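The values are calculated or read from the model by the stated rules, or taken from the named source; none is laboratory data. The model shown is predicted, which means the values in this text are computed figures rather than measured ones. Reconstructed Cβ throughout: ideal geometry from the backbone, glycine too, with neighbour counts over all protein chains shown.
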């Protein structure tokens, strides 16, 4: 396998993409020779000094309206395409974050005889849908083109085939995950019964994450339990409106906003929660869910993407239905009163310890690459 040359290419990433990218670099490093060609930018420039990669930077500015967003996107794709041509010795390109809209780079790779793997940690058009994004239709068209062009599509779970509408590409789909956990860092530091009565959400504050359903449930939950406190971790476009809602609801004294949480600080926050709520409308396989499970923090999550592969209702976590403010409030108050909460948290930790291993991740990606002839 080390005779293979694998390149990793992404749309310029946000901070949330750094840890998954680092995991994937670690996996691919064991499957190729020499440094991995890496094309990305923005927050991805953290990898400029990483000796495991040969970094090629491309940054991106989104633009303030639909026309500028399209123009900036085309310009960014053109710069990424030039990087592919400069890195001609790469035999296989793996497109990761945002890869499903990178039509120009994928065309360049295919025309130069390269193998292309499209690994989808998320699905851009479906992420855009809850906010009613004006560029939803163009994003869907681009995704259809790249799914047809690529040689393999890598998903986290077979459940994502239907969830993301990829049935027509079933014959080229493989299952692999770049998720890795440091179980020395992500572990139970504070037993569940000794934690403060705090319910939290940690993630991107955006429409597709369903965070408004959690936020709008807070007054009902607070009224049902006077001792409860709440934590909202992360940042995103909805943060100002969420802060205003909390203030107007008279809950400022009971809600803590942490802002962006560094990855190394996540275990401390997760060990401060009795329950983590993830009311997403769409997911691949959320890292924060696995990290919470490793820390013995019970999860209440919607059954989207690969979530049901790990969260078995009442066994390793809890499934949220319906995904409404009323549904969130009812579920949270019910779960916090359950006597089996600690045993569910323990079963969740055992689940991720068995499923999320470096050896399994390498084995699955190796199978995908070997099948293509690398």
Please determine whether any residue of the stretch 74-83 is at pLDDT below 95 and farther than 26 Å from residue 357 by Cβ. yes
For the stretch 93-113, pairs from a residue that is free of Cβ contacts under 8 Å to residues at least 12 places away in the same chain to a residue that is buried (at least 24 other Cβ atoms within 10 Å of the Cβ), with Cβ under 9 Å and 6 or more apart or across chains, are none
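Going by the conditions given, is residue 62 outside any strand (DSSP E or B), surrounded by fewer than 19 Cβ atoms within 10 Å (Cβ to Cβ) and at pLDDT 95 or above? Can you show your working first?
Values: outside any strand (DSSP E or B): yes; surrounded by fewer than 19 Cβ atoms within 10 Å (Cβ to Cβ): yes; at pLDDT 95 or above: no.
The answer is no for residue 62.
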Quick check on this structure: which one of 231, 266 is under 18 Å from residue 14 (Cα atoms), in contact with a helix residue (DSSP H, G or I) (Cβ under 9 Å, 6 or more places away or on another chain) and surrounded by fewer than 23 Cβ atoms within 10 Å (Cβ to Cβ)? 266
Condition first: closer than 21 Å to residue 269 by Cα, in a helix (DSSP H, G or I) and in contact with a helix residue (DSSP H, G or I) (Cβ under 7 Å, 6 or more places away or on another chain). Now tell me which residues in the stretch 219-228 satisfy that. 221
Of everything in the stretch 33-44, what is surrounded by fewer than 16 Cβ atoms within 10 Å (Cβ to Cβ) and within 20 Å of residue 82 (Cβ to Cβ)? Give them in sequence order. 35
In the stretch 269-290, how many residues are assigned to a helix (DSSP H, G or I) and touching a helix residue (DSSP H, G or I) at 6+ places or on another chain (Cβ under 6 Å)? 2
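Matching residues to (1) over 23 Å from the mean Cα position of the chain (by Cα); (2) part of a loop (DSSP other than H, G, I, E, B); (3) within 15 Å of residue 102 (Cβ to Cβ):
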{"residue": "20", "(1), (2), (3)": "no, no, no"}
{"residue": "33", "(1), (2), (3)": "yes, yes, no"}
{"residue": "47", "(1), (2), (3)": "no, no, no"}
{"residue": "68", "(1), (2), (3)": "yes, no, no"}
Say we look at the stretch 298-314 and pick out the residues that are without any contact (Cβ under 8 Å) to a residue 60 or more places away in the chain and assigned to a loop (DSSP other than H, G, I, E, B); which of these is surrounded by the fewest Cβ atoms within 10 Å (Cβ to Cβ)? 314
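Quick one: which of 370, 353, 346, 363 is modelled with pLDDT of 95 or more and under 30 Å from residue 110 (Cβ atoms)?
Working: 370 fails: modelled with pLDDT of 95 or more; 353 fails: under 30 Å from residue 110 (Cβ atoms); 346 fails: under 30 Å from residue 110 (Cβ atoms).
Selected residue: 363, the only one of 370, 353, 346, 363 that is modelled with pLDDT of 95 or more and under 30 Å from residue 110 (Cβ atoms).
Could you tell me whether the stretch 85-96 includes any residue that is assigned to a helix (DSSP H, G or I), under 28 Å from residue 372 (Cα atoms) and out of contact with any strand residue (DSSP E or B) (no Cβ under 6 Å at 6 or more places or on another chain)?
Narrowing the stretch 85-96 to residues assigned to a helix (DSSP H, G or I): 85-86.
This time we only want the ones that are under 28 Å from residue 372 (Cα atoms), so: 85-86.
Pick out the ones that are also out of contact with any strand residue (DSSP E or B) (no Cβ under 6 Å at 6 or more places or on another chain) and you get 85-86.
Yes: the stretch 85-96 contains one or more residues that are assigned to a helix (DSSP H, G or I), under 28 Å from residue 372 (Cα atoms) and out of contact with any strand residue (DSSP E or B) (no Cβ under 6 Å at 6 or more places or on another chain).
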In the stretch 328-337, the residues that are at pLDDT 95 or above and more than 23 Å from the chain's Cα centre (by Cα): 329, 330, 331, 332, 333, 334, 335, 336
Could you pull out the residue among 117, 74, 84 that is touching a helix residue (DSSP H, G or I) at 6+ places or on another chain (Cβ under 7 Å) and within 27 Å of residue 63 (Cα to Cα)? 84
